[in-house]
Amino acid sequence: MIIVHYLENSRAHRILWLLEELELPYEVKTYKRGSDMRAPKSLKQVHPLGKSPVIEDRGTVYAESGAIIEYLLDTYGEGRFRPEKCTDGYRRYLYWLHYAEGSAMPLLLLKLLFSRLPSQMPFFLRPVAGMISKGVAAKLIDPQLIDHVAYWEAELSRDGYFAADMLTGADIAMSFPVEAAMSRADGVGETKAIRRFLDTIRARPAYQRALEKGGAYIYSRS
């Protein structure tokens, strides 16, 4: 049976969602974040980097969300949840699958880290740290985030999904960046297509079952 090493309130929700869409049996091993919001050291016993998601299947450990999605679709997908190869849809599918972690998440992590920086500093340094954090966000992070969100809006306005006129693994990969951005981004402009996308994926029974299996997920509503 597939084992999912699941860190609460994390990108691992996407893997549970895909497993539910594929109707595969799996076991969830849940890990709680520490007071510093980091994963516990026990995850390093599963994978040297101690990150989530990680799955175990047939005696092998798989890490990295995109790689896990590809493995599950290669092994169990039977042609589902990705366009036919050598089509424009498949090209878009590959792009968005890798864009999710390669382009979107680094920017969102910077946004999160700088927002938390002041609270991690000694009390007397927090005002200065706050000014630095706000300055970096306003001049470097937020303008890029606005561009990315506008890009998503344009892409989703075509047919409601990122890669084709149906749900694919790319949409599952993109769900976390989109949900996180909608909870953190200010002044991003029109997001009607993004909101429709979020309403659509959250209404899927498999998405709801993943929430039940994984527990609280802070980005499931925004």
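Note the direction-averaged projected area, equal to a quarter of the hull surface, for the Cα convex hull of the stretch 1-94, in nm².
Working: hull surface 26.4 nm².
Its Cα hull, projected and averaged over all orientations, spans 6.6 nm².
Let me know the charge dipole size of the stretch 18-97 about its Cα centre in debye, to the nearest 20, where only the beta-carbon of Lys, Arg (+1) and Asp, Glu (-1) is charged.
With Lys and Arg at +1 and Asp and Glu at -1, about 520 debye.
Percent relative contact order of the stretch 1-118, based on C-alpha pairs within less than 8 angstrom and at least six residues apart?
21 percent
With each pseudo-label sitting 7 Å past Cα toward Cβ, what's the residue 158-residue 32 distance in nm, one decimal?
4.5 nm
With charges only on Cβ, +1 for K and R and -1 for D and E, what is the dipole size of the chain about its Cα centre, in debye, rounded to 20?
The calculated dipole for the chain is roughly 920 debye.
At R0 = 30 Å, how high is the FRET efficiency between residue 212 and residue 139 if r is their beta carbon distance? Nearest 0.05 is fine. All intermediate terms of the calculation are to be shown ahead of the outcome.
On the way: r = 42 Å, r/R0 = 1.40.
Taking R0 as 30 Å, the efficiency between residue 212 and residue 139 is 0.10.
How far, in nm, would the chain grow between residue 80 and residue 190 when pulled straight, counting 0.36 nm per residue and subtracting the alpha carbon separation?
Between residue 80 and residue 190, full extension yields 36.4 nm more.
Quick check on my link table: of 32/85; 51/134; 44/85; 29/85; 134/192; 85/139, which ones sit more than 30 Å apart, alpha carbon to alpha carbon?
Check vs 30 Å cut-off fails for 32/85; 44/85; 29/85; 85/139.
Would you work out which of 119, 170, 3 lies farthest towards the positive end of the dipole of the chain, given +1 charges on the beta-carbon of Lys and Arg and -1 on that of Asp and Glu, about the Cα centre?
Going by the charge dipole, the pick is 119.
For the residue pair residue 202 and residue 110, what label-to-label distance in nm results when each label sits 7 Å from Cα along the Cα-to-beta-carbon direction?
Simple spin-label model gives 2.8 nm for this pair.
Add -39500 (n - 2.57) for each DSSP H run of 4 or more in the chain, then divide by its residues: what number comes out at 222 nm, to the nearest 500 deg cm²/dmol?
-15500 deg cm²/dmol
With the dipole of the chain worked out from charges on the C-beta (+1 for Lys and Arg, -1 for Asp and Glu) around the Cα centre, which of 39, 95, 218 lies farthest toward the positive end?
Going by the Cα projections, it comes out as 39.
Per residue, how big is the convex hull of the chain when only Cα atoms are used? Give it in Å³. Before the final figure, lay out the partial values.
On the way: hull volume 27.8 nm³, N = 222.
With only Cα atoms used, the chain gives 125 Å³ per residue.
Given an 8 Å cut-off on Cα distances and at least 6 residues of separation, report the relative contact order of the chain as a percent.
Relative contact order, the chain: 25 percent.
Count charges around residue 62 for me, please; just the other residues with Cβ under 13 Å from its Cβ, Lys/Arg as +1, Asp/Glu as -1.
My count for the surroundings of residue 62 gives -3.
Only the coordinates and a few stated rules stand behind these numbers; no lab work does. All of these numbers come straight from a predicted model, not from anything done at the bench. With ideal geometry, Cβ positions are generated from the backbone for all residues, glycine too; neighbour counts draw on all protein chains shown.
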